[in-house]
Amino acid sequence: MPELPEVETVKNDLKSKITGTKIVSVSALWPGIVKDIPYEVFVKQVQGVEVEDVRRRAKNLIIKLSNGMNLLVHLKMTGHFMIAEDSAEVSSEGKWIKAKNKNLIDDRQNQFIRIIFHLDNGTILAMSDMRKFAYIKLVDDKELEKFLASYGPEPFSSEFTERKLASILKSKNIAVKKILMDQSQIAGIGNIYADEILWAARVHPLSVSSKLSDKDIEAIYQNIKKILKLAIEKRGTSTSDFRDTEGKKGKFGDLRNVYRKTDLPCPECGGPVKKITVGGRGTHFCPVCQKEVK
Ligand SMILES: [Zn+2]
């Protein structure tokens, strides 16, 4: 699932490519991607409207429109946006038939197009989503702010200090990995980065968060920033489905140490990486380097 680095990558791409463009028309191959309002109403509201800005909050993309509304997009498991020239062609099954960018055609992950926005700068914005869990909602500023208020601090915000992280971790007696992935506590971290952050911090994913030492908390804090920053620079992780707006894979997967590396050697001690389940999610760690604090 796209996490902060992947959604940030898409946000940066879209911000530079679609800000200031006007949505000329919309065509959905699967209208069900639009949630809460009838698809026809959605189309009427977004056609002829300009994109004013694109931002990210947690794992949400927010496309601000000139009519006071916002497209609130969650990519969920397999959703991603792609940009192509407007002469590109998509089949009725949502597959690219013709496009200058060969990544779009050659990579199977890009072949599940559900909706296309035709823009006035000669490009189209298409969203592919194999699993059909991604959604687009049309919300006004008030609804948007209400929805976003449920999220915890952004890891790169001034609000997210080491003291703030300590107060979050000390407030609960549950597995530290569960708190790192809880969007209401900290925004944007999911399964991949929680495993990588905890390995780098030498903290066991099942350690009870309230029992962590100041040293553990400092290490988690430093590695949240360090790993998310590096993953943004590498344009995310594509160990499964994620693709950027060119239909390309991110490169952080090459740098990961434990995520989906069960039985492979830990880069620190050489022992095998183990897999357990924490909060229903497959969790990868080194039992030698990461000792559980109960
Ligand atoms: Zn190890």
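Readers should treat all values here as calculations from the given coordinates under stated rules, not as data from a laboratory. Source: prediction; values computed, not measured. Methodologically, a virtual Cβ is constructed for each residue, glycine included, from the backbone with ideal geometry; neighbour enumeration extends over all protein chains shown.
A straight Cα-to-Cα reach below 15 Å connects LYS15 with the aspartates and glutamates GLU6, GLU50, GLU52, ASP53, ASP244, GLU246, residues fewer than 8 places away in its own chain not being considered.
Straight-line cross-link partners of LYS215 among the aspartates and glutamates, defined as a Cα under 15 Å from its Cα and at least 8 positions apart when in the same chain: GLU162, GLU292. Among the trypsin sites (Lys or Arg not before Pro) in region 7-44, those located in a DSSP loop and surrounded by at most 14 other Cβ atoms within 10 Å of their own Cβ are LYS35. Taking LYS249, LYS64, LYS211 in turn, the Gaussian network model of the chain (Cα-Cα springs below 10 Å) assigns the largest fluctuation to LYS211.
Compute the whole-percent fraction of alpha carbon pairs in region 106-213 spaced more than 17 Å apart. Percentage above 17 Å: 68.
Estimated purely from DSSP H runs of n ≥ 4, each contributing -39500 (n - 2.57), the mean residue ellipticity at 222 nm for the chain is -8000 deg cm²/dmol once divided by its residues. Extents of region 4-148, taken as max minus min of Cα coordinates on every principal axis and listed largest first, are 41, 30, 29 Å. Determine the shape class of the chain: with a ≥ b ≥ c the square roots of the Cα gyration tensor eigenvalues, call it rounded for a/c under 1.5, and otherwise prolate if a/b is greater than b/c, oblate otherwise. Prolate. Counting 0.36 nm for each residue step from ASP120 to GLU50 and taking away their Cα separation leaves a gain of 24.3 nm.
At full extension, LYS164 and GLU145 could sit 4.6 nm farther apart than now, given 0.36 nm per residue minus the alpha carbon distance. Taking the Cα centroid of region 12-34 and of region 118-160, what is the distance between the two, rounded to the nearest whole Å? Centre-to-centre (Cα) distance: 12 Å. Using a simple spin-label model with pseudo-atoms 7 Å out from Cα toward Cβ, ASP263 and LYS102 lie 3.6 nm apart. So which GluC sites (Glu not before Pro) in region 55-151 end up in coil per DSSP with only 13 or fewer other C-beta atoms within 10 Å? Listed in order of number, the matching sites are GLU93.
Positive-end ranking of PRO5, ALA58, THR262 along the dipole of the chain, with charges on Cβ about the Cα centre, is headed by THR262. Rounded to the nearest Å, what's the spacing between the alpha carbon centres of region 84-98 and region 205-227? Just the number, please. The two parts, judged by their Cα centres, are 46 Å apart. Listed cross-link partners LYS211/LYS251; LYS64/LYS177; LYS22/LYS95; LYS178/LYS225; LYS178/LYS229 are compared with a 27 Å cut-off, the Cα-Cα value being larger for LYS211/LYS251; LYS64/LYS177. Applying 1/(1 + (r/R0)^6) with R0 = 35 Å to the Cβ-Cβ distance of SER184 and SER213 gives a FRET efficiency near 0.90.
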